[in-house]
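The values are calculated or read from the model by the stated rules, or taken from the named source; none is laboratory data. Note that this is a predicted model, so its numbers are computed, not measured. Glycine also receives a Cβ, built like all others from the backbone with ideal geometry; neighbour counts cover every protein chain displayed.
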Amino acid sequence: MDLYRHRILPRLIDWVMGQETLAEFRSRVVGGARGRVLEIGIGSGRNLPFYAAAAGEVVGIDPSTELIAMARRNAAAASRPVTLPVTFVEQTAERLPFADESFDTVVVTWSLCSIPDPSAALREACRVLKPGGELRFVEHGLAPAPGVQRWQHRVTPLWSRCSGGCHLDRRMDDLIRAAGFHITDLTKRYLPGPKIMTFMYEGTAVPAASAGQPEDTIPHHR
């Protein structure tokens, strides 16, 4: 089991996260980050080439020693050079070692599915964001069709054990709102592929305390 968790699984995660179909999401979600950025679940660093000049610094956290080592190598070998300062921190997301209101942007991509307590991680993200700061996210999760949901609930216990804790059936927008965020933009849609794994939530959110207006969520289903 240790061989699978420490040697095989990190390489599988890196391969899956390197799929070209995910690049369009990275361009929008990661490319819009600005200022001092916290990336939750930086994994093998697949997002790093997509940060634009508006992002002055990235602090990436991940609990996996192996994935952080891969992120360092991938950043050095990326075909699109990674020019901004990047700090890697081996850390779980539920208790962040950062001061309140210390980041301009928090980025999380396909990571909330596997964090043991995503609600705690999102509350921490809300805590470390500056007033006016932004959470930028893309995640897969619970689909709208009842038939697909039933299969997601059935498959998740086994899938989670072999995929590093990934859950197929988390309703990501509800988790984000419940953690103290006001969602300002939200797109939901299926990608090609098995529907139990490909329903995407993409959007932006701000701490509700600094929102200053009723929620203006824009749900799209395609």
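Quick one: how many residues across the stretch 59-71 are part of a helix (DSSP H, G or I) and of a type in the set (S, T, N, Q)?
Going through the stretch 59-71 one residue at a time, the tally reaches 1.
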ask   = Does the stretch 112-123 include one or more residues that are among the charged types (D, E, K, R), in contact (Cβ under 8 Å) with a residue 24 or more places away in the chain and farther than 26 Å from I196 by Cα?
value = yes
key: Filter result for L3 (loosely packed, with under 14 Cβ neighbours inside 10 Å and either on the phi < 0 side of the Ramachandran plot or among the acidic types (D, E) (or both))   = yes
Number of positions in the stretch 29-58 that are without any contact (Cβ under 8 Å) to a residue 60 or more places away in the chain and not in a loop (DSSP other than H, G, I, E, B) = 7
message = So R161 passes all but one of these: (1) charged (D, E, K, R); (2) assigned to a helix (DSSP H, G or I); (3) touching a Phe, Trp or Tyr at 6+ places or on another chain (Cβ under 7 Å); (4) within 26 Å of H6 (Cα to Cα). Which condition number does it fail?
response = (3)
ask   = Before we move on, is P118 at pLDDT 95 or above and surrounded by fewer than 21 Cβ atoms within 10 Å (Cβ to Cβ)?
value = no
query = What are the pairs, 6+ residues apart or on separate chains, where a residue within the stretch 164-185 that is at pLDDT 95 or above and surrounded by fewer than 21 Cβ atoms within 10 Å (Cβ to Cβ) has its Cβ under 7 Å from a residue that is part of a helix (DSSP H, G or I) and charged (D, E, K, R)?
reply = G180/R123
task = From (1) at pLDDT 90 or above; (2) in a loop (DSSP other than H, G, I, E, B); (3) surrounded by 12 or more Cβ atoms within 10 Å (Cβ to Cβ), pick out the condition that doesn't hold for R26.
result = (2)
message = Regarding the stretch 4-14, can at least one residue be identified that is modelled with pLDDT under 95, more than 26 Å from L186 (Cβ to Cβ) and not in a helix (DSSP H, G or I)?
response = no
Any chance A55 is modelled with pLDDT of 95 or more, under 25 Å from E94 (Cβ atoms), surrounded by 21 or more Cβ atoms within 10 Å (Cβ to Cβ) and more than 16 Å from the chain's Cα centre (by Cα) = yes
task = Give the number of residues within the stretch 62-90 that are crowded, with 23+ Cβ neighbours inside 10 Å and either within 21 Å of V128 (Cα to Cα) or in contact (Cβ under 8 Å) with a residue 40 or more places away in the chain (or both).
result = 2
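Quick grid of which residues meet (1) more than 19 Å from F181 (Cβ to Cβ); (2) at pLDDT 95 or above; (3) in a helix (DSSP H, G or I):
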site	(1), (2), (3)
A76	yes, no, yes
E94	no, yes, no
S111	no, yes, no
S114	yes, yes, no
E124	no, yes, yes
G133	no, yes, no
